[in-house]
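Just below is one structure, and these are the notes that go with it.
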Amino acid sequence: AGLVRRERDPNDARRVIVRLERGKDEMHEISSIFDSIGKAWDEMVSHYDDEQIAFLLEFLQRSNALARQEIARLQAASSGKEGIFSAPLAGLESARLVFPSGAFRLNLRAGDVKGALYQARFEGPVPDVKAKDGVVTIRYPRRLWVPSREKRAAEVTLSRAIPWQIVIQGGASEMTAELGGLDLAGLEVKGGLSTIRLELPTPSGVVPIRISGGASEVTVRRPAGVAARAHLKGWASQFVFDEQTFSAVGNDVRLQSHGFDPATPYYDIEVASSASQLTITSG
């Protein structure tokens with residue numbers, strides 16, 4: 001009837017999202033459908049007195065609360081064979097992701113996770129995953145890790161509905177963060193990594209980015225038109241900042257993007273480690 005449309009989920013090719021078509025002439029048909037249902041409910045309820053209605057209301061409120069608790073319990077648990085973890089978004093106003101131990105490969109992204117706070121999938125050994133009071137902690141056991149024997153890969157999708165603070169510790173072979181659309185409050189990467197690639201979202205204020213611990217290649221890309229201020233406290237064989245390129249540079253280098261205005265939202269980027277290739281750019 002043309003009242004809805006189907007879209008592919010950009011984050012999961014197995015899913016199809018069905019959305020209402022808004023602003024079309026057919027919307028009055030939907031309104032009339034619900035008007036009819038509303039009248040039917042009013043007629044049904046008119047046969048109950050106030051005491052009976054109060055009882056029905058209490059029953060619905062309590063049963064809804066029990067249902068929410070059960071949904072939260074199921075979402076907080078692993079799905080078992082697929083190794084998928086999640087937790088309910090509930091009424092949280094902000095969240096924090098803490099990754100205190102290393103992985104062979106770590107992929108972070110922002111997405112629509114259907115009312116969940118986050119969703120995570122793992123390849124290889126499954127880490128200890130906890131979510132409490134808006135803090136999501138993903139911890140691999142601290143033991144001798146031999147990359148040739150086991151691959152630790154983690155893919156974590158964060159809800160776009162609330163601001164996130166992200167702290168990555170312990171190092172990894174490769175870290176990729178595609179955070180477009182996320183309300184990013186801050187990001188800190190500690191520990192040695194081979195490759196760091198950050199695709200940052202449009203900031204809503206001054207957002208600190210802190211990188212330390214050493215890396216072979218660091219790439220930080222922000223949206224076009226977003227300002228940035230960079231402070232290289234470490235050393236880089238090659239440092240690219242927007243249109244500028246420097247060789248063998250470091251030890252307290254400070255740069256800022258063209259037309260930088262501290263009164264507008266921007267990224268405050270500090271790199272305290274050494275890197276063979278450091279790139280901070282936009283586009």
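Every condition in (1) surrounded by fewer than 18 Cβ atoms within 10 Å (Cβ to Cβ); (2) within 21 Å of residue 93 (Cβ to Cβ); (3) touching a Phe, Trp or Tyr at 6+ places or on another chain (Cβ under 9 Å) holds for residue 202 except the one numbered (3).
Residues of the range 203-218 that are more than 21 Å from residue 175 (Cβ to Cβ) and either in a strand (DSSP E or B) or modelled with pLDDT of 95 or more (or both): 205, 206. Taken as a whole, the condition of being modelled with pLDDT under 95, hydrophobic (A, V, I, L, M, F, W, C) and out of contact with any Leu (no Cβ under 9 Å at 6 or more places or on another chain) applies to residue 248. Of the set (1) free of Cβ contacts under 8 Å to residues at least 60 places away in the same chain; (2) among the small types (Gly, Ala, Ser); (3) within 21 Å of residue 180 (Cβ to Cβ), all apply to residue 236 but (3). Taken over the range 15-49, residues that are surrounded by 10 or more Cβ atoms within 10 Å (Cβ to Cβ), at pLDDT 90 or above and closer than 30 Å to residue 113 by Cβ amount to 2. Exactly one residue among 221, 254 is in a strand (DSSP E or B) and more than 26 Å from the chain's Cα centre (by Cα), and that residue is 254. With respect to the conditions (1) touching a residue at least 60 places away in the same chain (Cβ under 8 Å); (2) over 24 Å from the mean Cα position of the chain (by Cα); (3) open to solvent by less than 60 Å² (accessible area, probe 1.4 Å), residue 271 lacks only one, and its number is (2). Is it true that some residue in the range 82-89 is loosely packed, with under 10 Cβ neighbours inside 10 Å and modelled with pLDDT of 85 or more? Within the range 82-89, none of the residues are loosely packed, with under 10 Cβ neighbours inside 10 Å and modelled with pLDDT of 85 or more.
Within the set 113, 98, the sole residue that is β-branched (Val, Ile, Thr), open to solvent by less than 40 Å² (accessible area, probe 1.4 Å), at pLDDT 80 or above and outside any strand (DSSP E or B) turns out to be 113.
Where residues in the range 116-141 are of a type in the set (D, E, K, R) and under 18 Å from the mean Cα position of the chain (by Cα), which of them is least open to solvent (accessible area, probe 1.4 Å)? Filtering first and then ranking leaves 121. If the condition is being hydrophobic (A, V, I, L, M, F, W, C) and modelled with pLDDT of 95 or more, then the range 178-196 contributes 179, 182, 184, 185, 187.
Give me the residue from the range 219-234 that is surrounded by 18 or more Cβ atoms within 10 Å (Cβ to Cβ) and more than 12 Å from residue 281 (Cα to Cα) and, out of that set, modelled with the lowest pLDDT. So the residue we want is 234.
For (1) under 20 Å from residue 273 (Cα atoms); (2) in contact with a His (Cβ under 7 Å, 6 or more places away or on another chain); (3) aliphatic (A, V, I, L, M), each residue gets a yes or a no:
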position: 182; (1), (2), (3): no, no, yes
position: 194; (1), (2), (3): yes, no, no
position: 197; (1), (2), (3): yes, no, no
position: 207; (1), (2), (3): yes, no, yes
position: 210; (1), (2), (3): yes, no, no
position: 229; (1), (2), (3): yes, no, no
position: 233; (1), (2), (3): yes, no, no
position: 239; (1), (2), (3): yes, no, no
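The values are calculated or read from the model by the stated rules, or taken from the named source; none is laboratory data. No experiment lies behind these values; they were computed from the predicted model shown. For neighbour counting, all protein chains shown are included, and Cβ atoms are generated from backbone atoms with ideal geometry for every residue, glycine included. Calculation scope for accessible area: heavy atoms of the full protein, side chains included, ligands and nucleic acids excluded. Shrake-Rupley method; radii C 1.70, N 1.55, O 1.52, S 1.80 Å.
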